[in-house]
Amino acid sequence: MKTRAKAKPILKYTALNDRLFRYICVCGAGQRDGSLEALRSETATLGEIAEMQIGPDQGAFLTILTAAIGARSALEVGTFTGYSSICIARGLPPDGRLLCLDASQEWTDIARRYWARAKVDGKIELRLGPAIENLKRIPAAQRFDLAFIDAHKPEYDDYYELVLPHMRDNGVILFDNMLWGGRLGRKGPIRHPSGRAIDRLNRKLARDKRVESVLLSIGDGVRMCRVVAR
């Protein structure tokens with residue numbers, strides 16, 4: 001009697017290329033939006049740093065997720081020129097509030113113009129300065145339904161520990177760039193401080209019983225964490 005060879009698990013995923021990503025943006029990222037398209041074009045003039053801006057697919061995901069969980073209070077750590085904050089704010093109800101933390105006056109001056117253009121400026125409060133210091137200043141009793149973290153990567157774990165106590169039960173924390181440009185998962189040590197920080201946090205969140213989390217391959221990797229009831 002022949003022994004059947006052990007089958008290898010099927011790795012089910014679709015590798016992206018430029019053509020397929022454009023298809024996703026056209027068919028899977030919502031309707032065309034003049035404000036967001038203009039913001040993307042202006043941000044592109046900043047040069048290589050424009051890669052800090054999230055993609056249209058991530059933006060649509062943020063809007064839908066914010067609305068789907070019924071978020072009324074949201075937090076963003078790292079606003080850049082305002083694309084993600086517009087998307088989050090649009091998912092909030094008319095009386096919803098989004099607190100944005102960023103260190104750059106230059107970048108957030110652009111964000112302010114586009115918040116007004118997108119008619120979401122009434123929902124947004126901006127606080128400038130180092131993120132860790134501003135997070136420590138948030139009143140202990142203040143709670144958020146959703147948090148989006150997309151700032152200085154070596155400080156991600158610090159942000160997490162400071163944000164978590166302010167999340168409501170079943171609230172959602174999102175981290176951007178958690179695949180670090182596809183450079184994670186290789187053999188050997190990670191030498192870059194950003195890569196090390198992201199890898200450590202990914203592994204920590206996989207074990208952390210305070211949250212349930214999944215690492216999504218959208219954009220450069222989005223880690224989505226649901227805060228477990230305490």
Suppose each label sits 7 Å from its Cα in the direction of the beta carbon; what would the GLU37-GLU125 distance come out to in nanometres?
3.5
Let me know the number of lysine pairs in the chain closer than 30 Å at the Cα, not counting same-chain pairs under 8 apart.
19
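Around GLN58, what is the net charge, scoring Lys/Arg as +1 and Asp/Glu as -1 over all other residues with Cβ under 11 Å from its Cβ? Could the numbers behind the result be given before it?
Working: positive: none; negative: ASP57, ASP150, ASP176, ASP220.
With Lys, Arg at +1 and Asp, Glu at -1, the neighbours total -4.
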Might you tell me the accessible area per residue for the chain, computed with a 1.4 Å probe and given in Å²?
57
How much accessible area does MET52 have with a 1.4 Å probe, in Å² rounded to the nearest 10?
80
Whole-angstrom gap from the stretch 40-103 to the stretch 144-179, using each part's C-alpha centre
14
Would you work out which of TRP115, VAL172, ILE54 lies farthest towards the positive end of the dipole of the chain? Charges go on Cβ: Lys and Arg +1, Asp and Glu -1.
VAL172
Simple label model, 7 Å out from Cα along Cβ direction - THR45 to ASP157, nm:
4.1
Using a Gaussian network model on the chain with a 10 Å cutoff between Cα atoms, which of LEU75, LEU20, LEU135 fluctuates the most?
LEU20
If I model the stretch 134-179 as equal point scatterers sitting on the Cα atoms and use the Debye formula, what is log10 I(q)/I(0) at q = 0.24, 0.27, 0.29 Å⁻¹?
-0.89, -1.08, -1.18
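For every helix of n ≥ 4 consecutive DSSP H residues, a contribution of -39,500 (n - 2.57) applies; sum these over the chain, divide by its total residues, and give [θ] at 222 nm rounded to the nearest 500 deg cm²/dmol. Don't skip to the end; give the middle numbers.
Values: 8 runs with 86 residues, N = 230.
So the helix-based figure for the chain works out to -11000 deg cm²/dmol.
The values are calculated or read from the model by the stated rules, or taken from the named source; none is laboratory data. Quick caveat, the model's predicted, so the values are computed rather than measured. Cβ coordinates were reconstructed from backbone atoms using ideal geometry, including for glycine residues, and neighbour counts include every protein chain displayed. Quick note on the areas: whole protein, heavy atoms, side chains included, nothing else; ligands and nucleic acids left out. Shrake-Rupley method; radii C 1.70, N 1.55, O 1.52, S 1.80 Å.
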